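The values are calculated or read from the model by the stated rules, or taken from the named source; none is laboratory data. As the structure is a prediction and not an experimental result, all values here were calculated from the model. Counting neighbours? That spans all protein chains shown, and the Cβs are built from the backbone with ideal geometry, glycine included.
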Amino acid sequence: MDNITLVGMPGSGKSTVGVVLAKMLGMDFVDTDLLIQQREGALLQELIDRHGNEAFLDMERDAICSLNCRRSVIAPGGSVIHREESLRHLHALGPIVYLKVPLDELLVRLGDISKRGITLPAGQGVPDLYAARCPLYEACADFTADCSGNQRIEDSARQVIRLVRDLPALRDVIPAGPARNF
């Protein structure tokens, strides 16, 4: 329970904020997209193109359910919310924080998504994906961090720390008090 998982749309900053958060807390960082690429020997988009969305979601579930980490910040892919087993496992590892970013900002951050490895149903675009996924992120998260605006990465990481710092399982990871003013 001494891990922190960041969920959200592609481009929300899970990996970027996650690395900074892990450094600030002296924790490890786990990017499940990279784990899948290592396991399968291919880029995410190649796996989706070759096997289809559903098979990819199963690969993602298998990678997430194999995690056995402590004191780590975990950044799963944006499609994590499509497999209940994945969410149950991540909840067992620690709190889940949703990095919420408005659609207009995500569109700017994402640019060309054709090579990004996003499980996008045929005929749908990022706005459709956003409308479908955001309620699922909100439902699965223990906390929501508003990462809108031109907020610095460090500020987003500090916001996550403030949200989870009082959880009993994280007290050894995030000491309270003025010595660590996050």
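Structure summary
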{"item": "Positions within the range 127-165 being of a type in the set (A, V, I, L, M, F, W, C) and in contact (Cβ under 8 Å) with a residue 60 or more places away in the chain, in sequence order", "result": "L129, C134, C140, A141, C147, I153, A157, V160, I161, L163, V164"}
{"item": "Residue satisfying all of: in the range 116-146; part of a loop (DSSP other than H, G, I, E, B) and at pLDDT 90 or above; nearest to E85 (Cα to Cα) among these", "result": "A141"}
{"item": "Total residues in the range 147-156, condition surrounded by fewer than 16 Cβ atoms within 10 Å (Cβ to Cβ) and either part of a helix (DSSP H, G or I) or within 13 Å of the chain's Cα centre (by Cα) (or both)", "result": "3"}
{"item": "Any hit, the range 106-114, residues being assigned to a helix (DSSP H, G or I), among the basic types (K, R), at pLDDT below 95 and surrounded by fewer than 17 Cβ atoms within 10 Å (Cβ to Cβ)", "result": "yes"}
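Yes/no per residue for (1) in contact with a strand residue (DSSP E or B) (Cβ under 8 Å, 6 or more places away or on another chain); (2) surrounded by fewer than 14 Cβ atoms within 10 Å (Cβ to Cβ):
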position: Q38; (1), (2): no, yes
position: I48; (1), (2): no, no
position: H51; (1), (2): no, no
position: E54; (1), (2): no, yes
position: C69; (1), (2): yes, no
